[in-house]
Amino acid sequence: AVLPTFKHFEGWQKSIPKIQGEIMALLLWWVNVIVPGFGTCGSSCLGEPNVIMDQVIVGILQIITSGCLVGWFWSIWWGSLLYKKHFG
């Protein structure tokens, strides 16, 4: 079995929507920090119709795995990607 690497997430990272407005991007990041996965699911409403499901799946997986802290760290990391994508 091959362990997933960051390269395996590149396809889903490309589906991260570019959030309009720095305050909204920062707010979604903080929501991800406080309630893992909810900021990711929320960002799906701001993306293109063809990538909404990717963000919802990632958000649900973050929620499910947050109990063992994996989802929580993943959610924080994903929130930072949301914020960074706002600038570039």
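The values are calculated or read from the model by the stated rules, or taken from the named source; none is laboratory data. Note that the coordinates shown come from a computational prediction; the quantities given were computed from them, not determined experimentally. All Cβ positions, even for glycine, are placed from backbone atoms using ideal geometry, and neighbour counts span all protein chains on display. In case anyone asks, the SASA skips ligands and DNA or RNA and just uses the protein heavy atoms, side chains included. Shrake-Rupley method; radii C 1.70, N 1.55, O 1.52, S 1.80 Å.
When residues of the stretch 32-64 are filtered for being of a type in the set (A, V, I, L, M), in contact with a helix residue (DSSP H, G or I) (Cβ under 6 Å, 6 or more places away or on another chain) and surrounded by fewer than 19 Cβ atoms within 10 Å (Cβ to Cβ), how many remain?
Here the count works out to 3.
Does GLY67 satisfy the condition of being open to solvent by 40 Å² or more (accessible area, probe 1.4 Å) and part of a helix (DSSP H, G or I)?
Judged against the criteria, GLY67 is a match.
Can you tell me which of (1) in contact with a Leu (Cβ under 7 Å, 6 or more places away or on another chain); (2) among the hydrophobic types (A, V, I, L, M, F, W, C); (3) at pLDDT 90 or above; (4) open to solvent by less than 40 Å² (accessible area, probe 1.4 Å) is the one TRP29 doesn't meet?
Unmet condition: (4).
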